[in-house]
Ligand code: CO
């Protein structure tokens with residue numbers, strides 16, 4: 001599938017889709033407390049998405065059974081919410097959610113602290129977020145796609161963390177996943193040229209230990225192979241001639 005360039009009308013719809021998703025994320029973040037189940041977060045997110053008149057785009061996507069991916073500690077992404085999985089003080093929890101507004105998709109993720117967390121966990125979350133901002137400094141028309149990937153890699157490398165390679169960011173629009181793929185690790189080439197009107201989901205997934213991941217028997221949950229903790233930070237962004245617009249910011 002080709003990379004799509006959004007028209008002014010489509011950009012307005014993407015902006016609104018992403019603005020609504022930011023509201024959902026903020027509510028979910030504020031709900032987090034030790035003792036709650038990961039299913040409660042999914043229920044909250046699902047309910048709010050529908051109350052806003054939107055559709056959760058993850059639900060039933062390739063059979064995914066929930067509206068929010070809730071991934072705890074060594075779970076990297078795509079954790080399945082469960083009433084039996086109770087958040088504990090000191091955990092870190094990654095929330096990944098998206099929605100469809102008038103046919104247009106949004107996608108964003110954050111990793112949050114559950115109560116007080118260790119300094120090394122706090123730094124992992126902070127540096128994962130910073131790697132996104134290092135990446136999107138390069139995200140403007142005339143630069144190339146892999147300038148983003150290379151900048152994320154260069155930011156993370158000095159910390160010795162593992163950058164997940166098996167999952168990548170993506171174009172987004174009338175589908176959740178459009179071309180191009182957006183890797184978070186260094187590429188040999190510069191890739192396609194960025195153009196105003198492209199919308200991308202940029203989403204570094206960073207492990208405290210090694211980069212290797214594996215899939216649990218539920219066929220969804222991605223965990224680190226070495227058991228180290230992992231953080232995720234994702235926004236849907238719009239490429240412009242100048243600075244990128246971070247459409248899902250809150
Ligand atoms: Co995504």
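Throughout, read-outs are computed from the coordinates displayed, never taken from laboratory work. In this text the structure is predicted, and so the values were computed from the model without any measurement. With ideal geometry, Cβ positions are generated from the backbone for all residues, glycine too; neighbour counts draw on all protein chains shown.
If I take every Cα pair under 8 Å that is 6 or more residues apart in the chain, average their sequence separation and divide by the length, what percent do I get for the relative contact order?
On the way: 640 pairs, mean separation 57.1, N = 250.
It comes to 23 percent, rounded to a whole number.
May I ask for the Rg/Rh ratio of the stretch 114-250, computed from Cα atoms with Rh as the Kirkwood radius, given to two decimals?
Value, to two decimals: 0.98.
Under a GNM of the chain (C-alpha, springs under 10 Å), which listed residue has the highest mean-square fluctuation: 131, 149, 228?
228
Taking the convex hull of the alpha carbon atoms in the stretch 9-89, what volume per residue do you get, in Å³?
Enclosed volume per residue, from the Cα hull, is 104 Å³.
Taking 8 Å as the Cα distance limit and 6 or more residues as the minimum spacing, I'd like the relative contact order of the stretch 43-169 as a percentage.
Here the relative contact order equals 16 percent.
Using only C-alpha atoms and all pairs of different ones, pull out the Kirkwood radius for the stretch 76-126 in Å with one decimal.
Every distinct Cα pair counted, the radius reaches 12.8 Å.
Considering only 230, 37, 94, give the residue with the highest GNM mean-square fluctuation for the chain, with springs between Cα atoms whenever their separation is below 10 Å.
37
Kindly provide the pair-distance distribution of the stretch 173-249 built from C-alpha pairs, with 10 Å bins from 0 and whole-percent values in order of increasing distance.
Each 10 Å bin holds this share of Cα pairs: 15, 38, 32, 14, 1.
Mind jotting down the distance between the C-alpha centroids of the stretch 166-198 and the stretch 1-74, whole Å?
What the calculation gives is 20 Å, centre to centre.
Pairwise over distinct Cα atoms, reciprocal of the mean inverse distance: report the Kirkwood radius of the stretch 27-74 in Å, one decimal place. Display every interim value, and only then the final one.
Values: mean 1/r = 0.0871 Å⁻¹.
Evaluated on the stretch 27-74, it is 11.5 Å.
Rounded to the nearest 500 deg cm²/dmol, what is the calculated helix-only ellipticity per residue at 222 nm for the chain, with -39500 (n - 2.57) per DSSP H run of length n ≥ 4?
-9000 deg cm²/dmol
With only alpha-carbon atoms in the gyration tensor, what are the semi-axes of the equivalent ellipsoid for the stretch 67-160, in Å, largest first?
27, 21, 9
What's the exposure ranking of 205, 198, 36, 1, going from fewest to most Cβ atoms within 10 Å?
1, 36, 198, 205
What distance in nm separates the simple spin-label points at residue 83 and residue 243, each placed 7 Å from Cα in the Cβ direction?
4.6 nm
Using only Cα atoms, what is the ratio of the radius of gyration of the chain to 2.2 N^0.38 Å?
0.94
Kindly work out what percent of the DSSP beta bridges joining two residues of the stretch 84-175 are antiparallel, to the nearest 5.
Rounded to the nearest five, the antiparallel share is 90 percent.
Name the most mobile residue of 101, 64, 146, meaning the one with the largest mean-square fluctuation, in a Gaussian network model of the chain with Cα contacts below 10 Å.
64
Taking 2.2 N^0.38 Å as the expected size of a compact globular protein, what ratio does the Cα radius of gyration of the stretch 107-177 give against it, to two decimals?
1.26
In µm²/s, what is D for the stretch 159-200 at 37 °C and 0.692 mPa s, where D = kT/(6 pi eta Rh) by Stokes-Einstein and Rh is the Kirkwood radius from Cα pairs?
Approximately 276 µm²/s, per Stokes-Einstein.
In what order do 54, 18 fall by count of nearby beta-carbon atoms within 10 Å, going from fewest to most? Provide the component values of the computation, followed by the final result.
Details: 54 22, 18 29.
Ranking 54, 18 by Cβ neighbours within 10 Å, fewest first, gives 54, 18.
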